[in-house]
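Bear in mind that the values in this text are calculations on the coordinates, not laboratory data. Keep in mind it's a predicted model, so treat the numbers as computed, not measured. Here the Cβ positions follow ideal geometry from the backbone for every residue, glycine too, while neighbour counts run over all protein chains shown.
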Amino acid sequence: MLLPNRKGRSRIFDHKKYWKHCVGTSIASYMIAEETGLCDKEKIFIYGLIHDVGITVLDICLPDHLDNVYKMQLQRGVHQIVAEKIVIVLNGITHTEIGMWICQEWGLPREITEVVGYHHSPLIHGDIGDEVKIMYLADSISTNYYENLLGTKTTFIYTDKMREALNIPKKFMDYIAEKLPEEVEKINKNRFLEF
């Protein structure tokens, strides 16, 4: 994911489609930040690119596990987090915990570590910043885009509580979801996403 011109070690995981999800998350988070002014839109765009660094770690260190997660998503329509908890039998660990660990090991700022670690479950982690909340919403929108790229019938539904906490109208979230494929393809046409 972090190196879009190189493949990892997994054999069936679709790196191109997943990279589009990361770019989609960046675009959606940028649009939310721009609309709300709640955080730096350039920073949150970068955070969107690295929010799933735990997937990269899985791809390098546990490629067979990542392939099994991917198969479960495609064949059973299981959400990625659920599939990770089933496949990676290390106490139900997911890419978010792995990503948070690597951020801590690298000494990255707390804000980045929290975005990486809490973007799937911000409500259970107490006092979190607006960046995590925005990433949660952006990742939710982009996850649905990604599931569509995979051809699954899976839909990830974000909690309205988070949207309302940031005072973001549902209509704006729908607008982002509608615009996202077109915006990702604009970047793709600039050869940024080609392998």
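Each Lys and Arg adds +1 at its Cβ and each Asp and Glu adds -1 at its Cβ; summed about the Cα centre, the chain shows a dipole of about 660 debye.
What the Cβ-Cβ distance of residue 150 and residue 125 gives, at R0 = 41 Å and to the nearest 0.05, is a FRET efficiency of 0.90. With a cut-off of 8 Å between alpha carbons and a minimum separation of six or more residues, what is the relative contact order of the chain in percent? Relative CO of the chain lands at 28 percent. For the options 141, 168, 50, a Gaussian network treatment of the chain with springs between C-alpha atoms closer than 10 Å singles out 168 as fluctuating the most. Remark: for residue pairs 16/153; 41/71; 43/179, the C-alpha separation exceeds 30 Å in 41/71. Among the trypsin sites (Lys or Arg not before Pro) in the range 98-195, those located in a DSSP loop and surrounded by at most 11 other Cβ atoms within 10 Å of their own Cβ are 153, 191.
Considering only 24, 129, 107, the mean-square fluctuation computed in a Gaussian network model of the chain, springs between alpha carbons under 10 angstrom, is largest for 107. A straight line joining the Cα centroids of the range 73-127 and the range 146-169 runs 17 Å.
How big is the Cα convex hull of the range 16-102 in projection, averaged over all directions, in nm²? Convex hull of Cα atoms, orientation-averaged projection: 6.3 nm². Ranking 137, 149, 121 by Cα position along the charge dipole of the chain, where only Lys, Arg, Asp and Glu carry charges on their C-beta atoms, puts 149 farthest toward the positive end.
What is the extension gain from residue 104 to residue 160, computed as 0.36 nm multiplied by their sequence separation minus the C-alpha to C-alpha distance, in nm to one decimal?
So the extension gain works out to 17.1 nm.
Highest GNM mean-square fluctuation among 68, 167, 144, for the chain modelled with Cα contacts below 10 Å: 167.
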